[in-house]
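The values are calculated or read from the model by the stated rules, or taken from the named source; none is laboratory data. Because the structure is predicted, anything quoted here is derived from the model rather than measured. Neighbour counts are summed over all protein chains in view; Cβ atoms, including those assigned to glycine, are modelled from backbone coordinates with ideal geometry.
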C-alpha cells in the first residue's frame, strides 16, 4: 500500500512538472499573430465591412506598444505609437459609419482605449502629458461620432 502511494505522488509530480514545462514553452514560443505592419497592409485589400474591426485591432496593438514604451521611459516612441492609435481609431470610425457595421464594437473598443490612455496620462510627468491628452480628446470625438451614427437624433 505504501509503495502505491509513493508511486502516485511521484507520478503526480512528474505530470505536474511536464505540464509546467509545456506551459512555459508555449508562452515562450513565437505566436502566429500578425505584426502591425502586416495588419496595416491588409486594410486596403479587406472588404469595407471588415475594415473597422481590423483598424480597431491595429489601434489596440499600438496602444499596448505605446503603454510599454511610456512605461520604459521612451516618450518619443510612445508618442509615435499614439499617432497610429488615433489615426486607426478614426479610420475604424469612418469605415464603421460608411459600412454600418461594427459601430457598437468600435465605440466600446475606443472607450476602453480612452480609459487606458487616461491611466497612461496619470503616470506621466506634466511635460509629457499633452500628446496623450490630445489623443484622449480625439478618441472622444471618435466615440461621439459613432454614437451619433448609431443613435441619430429624432429617429424612432
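Per the conditions (1) in contact with a helix residue (DSSP H, G or I) (Cβ under 9 Å, 6 or more places away or on another chain); (2) modelled with pLDDT under 95, the sole criterion not satisfied by residue 134 is (2). You will find that of 61, 40, 68, the residue that is under 30 Å from residue 134 (Cβ atoms), at pLDDT below 95, under 18 Å from the mean Cα position of the chain (by Cα) and in a helix (DSSP H, G or I) is 40 and no other.
In the range 43-58, which residues are surrounded by 14 or more Cβ atoms within 10 Å (Cβ to Cβ) and not in a helix (DSSP H, G or I)?
The answer is 46, 49, 50.
Does the range 129-148 contain any residue that is in a helix (DSSP H, G or I) and under 20 Å from residue 39 (Cα atoms)?
From the range 129-148, those in a helix (DSSP H, G or I) are 130-148; that's our starting set.
Okay, now just the ones that are also under 20 Å from residue 39 (Cα atoms), so none.
No, the range 129-148 contains no residue that is in a helix (DSSP H, G or I) and under 20 Å from residue 39 (Cα atoms).
Residues in the range 45-84 that are within 20 Å of residue 101 (Cα to Cα) and in contact with a helix residue (DSSP H, G or I) (Cβ under 9 Å, 6 or more places away or on another chain): 15 in all.
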